[in-house]
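These notes are about the structure you will find just below.
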Amino acid sequence: MKVLTIFIDMIRANRLSTFNSEIKLDTPLDTAFKELGGTVYNNCFTEGPDTPRGMSSYFTGVSSVNNGCNTRLKWPKFFLDNSIDTVFDIFDNMNYKLDLFSSTSERETGLFPFKIDQRNIHNKSNNLREFLDDVKLEDDHFLFISIPDYHWAFDDFGYTKIGEKKSYEVTKNVWDIVFEYFDKDDFDHIFVFSDHGFKFSAERKKQQNKMMLNDDRTNSIMLHREKHVNTLSTNNKLCSLSDLFPTYQDILGLDIDRGISLLSDNEKEYIVIEDHINFAPSLNQNIELWAVVTSKSIYIRDLDEGVLFDRKSRNTQNVIIPEYDDILLKESSFDQYLDEYKKIFLYKKNISSKSKSKYMNGINRKSTSNLFKRARIFIELLNTRLN
């Protein structure tokens, strides 16, 4: 069996007509997907909307919350739990030939799990044609191709509609190289997916922080084609990147030991996501947002408030939903942060607040308004300058 997997970094599903019926114009990649054929999974989400966490979920079939890559700077090579089997182990254990193409800089940063990173099965340069010149398909072969160009082009041209157009053009050119070398029916199975989406610069400025976890960044593309299937169909089941691991097991006839295969009739009831607000590199980054995705909505939570995002109307409602909070408390880092948050900010409630406190001699503490405090500080500064 020959299996091709194409990973396209940062493609946003709701900007493609293939995945979103509200989009009426085809992009170059929509055209490519329709020419390829297969099944589009338009309700696929990433558990961690960045490359280290999204790819760690793909590699292991285990959410990034639980596989060691639980923040956006914890790359699989250095932080992935090596006791967890990866998708490469599945094929390796069945004596498949493995060939992997990726950006050499991303590989050095830590894209692949340590065990697979150390093997001589990767491209030597960033030239895809040079890599494919040396690939000879065998009967049992797993070929993985990473295309970072969509993300790179956005970085080059800006996170605008113009940048988006350029990104589609650049990525389609790279996509075409793959199918210059291979006929789509050379492969028994072709998988295409992204690790996360993105926000336009204008969206990032205008939207509240909680909207970082609506479907713009969390809804990933997912497409599966079986040999000789030339039409494109849609599957609405709720699924995630981690479901590719059991899908590989499924097509190889192995027992599924984690997750739900994309090819089964079963689907997830919900998907748990967590993320940052502050993306600046730092040690021990904090998780600041959590979400529960269902087929109809996304419940987004910070440590103070909750928002329910309707996926169809895109309307939001400020609300705390205990049922979803319970899921987050059990299946994400929300419980750890909330517990610490409550304990730390007891200070604000019990000590810094003067409304209910007295001096130790029983006399009430003086209550001073913020306006009065600011006026006093201003007068003090003015006196300092005059003197």
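Just to check your reading of the model, which residue among GLN336, GLN249 is part of a helix (DSSP H, G or I), buried (at least 18 other Cβ atoms within 10 Å of the Cβ) and over 21 Å from the mean Cα position of the chain (by Cα)?
Within the list GLN336, GLN249, the selection yields GLN249.
In segment 161-198, which residues are under 18 Å from ARG225 (Cβ atoms), touching a helix residue (DSSP H, G or I) at 6+ places or on another chain (Cβ under 6 Å) and outside any helix (DSSP H, G or I)?
Within segment 161-198, HIS189 is the sole residue that qualifies.
Here are some residues: LEU371, LEU328. Which one is open to solvent by 70 Å² or more (accessible area, probe 1.4 Å), part of a helix (DSSP H, G or I) and either farther than 30 Å from GLU22 by Cβ or modelled with pLDDT of 95 or more (or both)?
LEU371
Starting from residues that are under 17 Å from the mean Cα position of the chain (by Cα), open to solvent by 10 Å² or more (accessible area, probe 1.4 Å) and not hydrophobic (A, V, I, L, M, F, W, C), keep the ones in segment 193-214 and report whichever is nearest to THR60 (Cα to Cα).
Among residues in segment 193-214 that are under 17 Å from the mean Cα position of the chain (by Cα), open to solvent by 10 Å² or more (accessible area, probe 1.4 Å) and not hydrophobic (A, V, I, L, M, F, W, C), the one nearest to THR60 (Cα to Cα) is HIS196.
Six or more apart or on different chains, Cβ atoms under 9 Å: show the pairs whose first residue is in segment 197-213 and free of Cβ contacts under 8 Å to residues at least 40 places away in the same chain and whose second is open to solvent by less than 60 Å² (accessible area, probe 1.4 Å) and in a loop (DSSP other than H, G, I, E, B).
Filtered contacts from segment 197-213: GLU203/TYR159; GLN207/LYS199; GLN207/ASN214.
More than 18 Å from SER332 (Cα to Cα) and small (Gly, Ala, Ser): which single residue out of SER63, SER102 fits that description?
On inspection, the qualifying residue turns out to be SER102.
Would you pick out the residues in segment 74-130 that are among the polar types (S, T, N, Q) and under 16 Å from SER56 (Cα atoms)?
Matches in segment 74-130: ASN82, SER83, THR86, SER102, THR109.
Any residue that is open to solvent by 60 Å² or more (accessible area, probe 1.4 Å), assigned to a strand (DSSP E or B), over 30 Å from LYS343 (Cβ atoms) and touching a residue at least 24 places away in the same chain (Cβ under 8 Å) - is there at least one of those in segment 235-245?
There is no residue in segment 235-245 that is open to solvent by 60 Å² or more (accessible area, probe 1.4 Å), assigned to a strand (DSSP E or B), over 30 Å from LYS343 (Cβ atoms) and touching a residue at least 24 places away in the same chain (Cβ under 8 Å).
Would you pick out the residues in segment 83-121 that are under 24 Å from the mean Cα position of the chain (by Cα), open to solvent by 20 Å² or more (accessible area, probe 1.4 Å) and of a type outside the set (D, E, K, R)?
SER83, ILE84, THR104, SER105, THR109, PHE114
Taking ARG314 as meeting all but one of (1) touching a strand residue (DSSP E or B) at 6+ places or on another chain (Cβ under 6 Å); (2) open to solvent by 20 Å² or more (accessible area, probe 1.4 Å); (3) closer than 30 Å to PHE19 by Cβ, write down the number of the exception.
Going through (1) touching a strand residue (DSSP E or B) at 6+ places or on another chain (Cβ under 6 Å); (2) open to solvent by 20 Å² or more (accessible area, probe 1.4 Å); (3) closer than 30 Å to PHE19 by Cβ one by one, ARG314 breaks only (1).
Residues in segment 275-311 that are more than 20 Å from the chain's Cα centre (by Cα) and surrounded by 11 or more Cβ atoms within 10 Å (Cβ to Cβ): how many?
3
Output the residues belonging to segment 10-24 that are surrounded by fewer than 22 Cβ atoms within 10 Å (Cβ to Cβ) and either outside any loop (DSSP other than H, G, I, E, B) or among the acidic types (Asp, Glu) (or both).
Listed by number, the residues that qualify are ASN14, ARG15, GLU22.
The values are calculated or read from the model by the stated rules, or taken from the named source; none is laboratory data. All of these numbers come straight from a predicted model, not from anything done at the bench. With ideal geometry, Cβ positions are generated from the backbone for all residues, glycine too; neighbour counts draw on all protein chains shown. Quick note on the areas: whole protein, heavy atoms, side chains included, nothing else; ligands and nucleic acids left out. Shrake-Rupley method; radii C 1.70, N 1.55, O 1.52, S 1.80 Å.
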